[in-house]
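Beneath this line is the structure, given in structure tokens, with notes to follow.
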Amino acid sequence: MTLEHVAIWTDDLEKLRDYYTQFFGGKPNAKYYNEHKEFASYFLTFESGARLEIMQMPNIPDNLNDRVQAQHKGIIHLAFGVATIAEVNQKADELRAAGYPILSGPRKTGDGYYEFETLDPDNNRLEVTTLYE
């Protein structure tokens, strides 16, 4: 079994699409729009086959959880895997240079990974990670 996709509500569909396309290589499909519901979405497909659905619709309430501290129950982060420690460092440098915060790392973790944490334009927490030896 595979995890087919994860979905995120957003107020700025194109900004979030562009972010995941530019920094994580997501390939967007054509925009879907349901006029009756005023619902719009893109599916972004990544190299691994995993997909991210980004969605927009009027009157979706803001998430009241503290996404920066991530100390609440529920989904906390999305993790993107790369092949090497050098790629983790390169992605951290690229995102920092583009003005995105690096919340922690890059660092070795106690469970065998090398990673950093960041936020996307909507303050969704992300990790970029690889195994270290």
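What single numbered condition from (1) in contact with a Leu (Cβ under 6 Å, 6 or more places away or on another chain); (2) at positive phi fails to hold for GLY105?
Failed condition: (1).
All but one of (1) of a type in the set (D, E, K, R); (2) more than 18 Å from ASP122 (Cβ to Cβ); (3) free of Cβ contacts under 8 Å to residues at least 24 places away in the same chain hold for LYS91; state the number of the condition that does not hold.
(3)
For the range 103-133, give me each residue that is in a strand (DSSP E or B) and among the polar types (S, T, N, Q). Break it down into steps so the answer makes sense when it comes.
Going through the range 103-133, the residues in a strand (DSSP E or B) turn out to be 103-108, 113-119, 125-131.
The answer is SER104, THR118, THR129, THR130.
Being within 14 Å of the chain's Cα centre (by Cα) and outside any helix (DSSP H, G or I) is the filter; apply it to the range 83-102 and report the residue that is farthest from GLU14 (Cα to Cα).
The qualifying residue farthest from GLU14 (Cα to Cα) is ILE102.
Scan the range 7-20 for residues that are in contact with a strand residue (DSSP E or B) (Cβ under 6 Å, 6 or more places away or on another chain) and more than 10 Å from GLN56 (Cα to Cα) and jot them down.
Once the filter is applied, which keeps residues that are in contact with a strand residue (DSSP E or B) (Cβ under 6 Å, 6 or more places away or on another chain) and more than 10 Å from GLN56 (Cα to Cα), the range 7-20 yields ALA7, LEU16, ARG17, TYR20.
Hey, can you tell me all the residues within the range 13-65 that are over 25 Å from VAL128 (Cα atoms), modelled with pLDDT under 95 and either of a type in the set (D, E, K, R) or surrounded by 12 or more Cβ atoms within 10 Å (Cβ to Cβ) (or both)?
Scanning the range 13-65 gives ILE60, ASP62.
Checking the structure you have, find out if any residue of the range 109-126 is over 25 Å from LEU3 (Cα atoms), crowded, with 16+ Cβ neighbours inside 10 Å, at pLDDT 95 or above and hydroxyl-bearing (Ser, Thr, Tyr).
Looking for residues that are over 25 Å from LEU3 (Cα atoms), crowded, with 16+ Cβ neighbours inside 10 Å, at pLDDT 95 or above and hydroxyl-bearing (Ser, Thr, Tyr), one finds none in the range 109-126, hence no.
The values are calculated or read from the model by the stated rules, or taken from the named source; none is laboratory data. These figures come from a predicted structure and were not determined experimentally. All Cβ positions, even for glycine, are placed from backbone atoms using ideal geometry, and neighbour counts span all protein chains on display.
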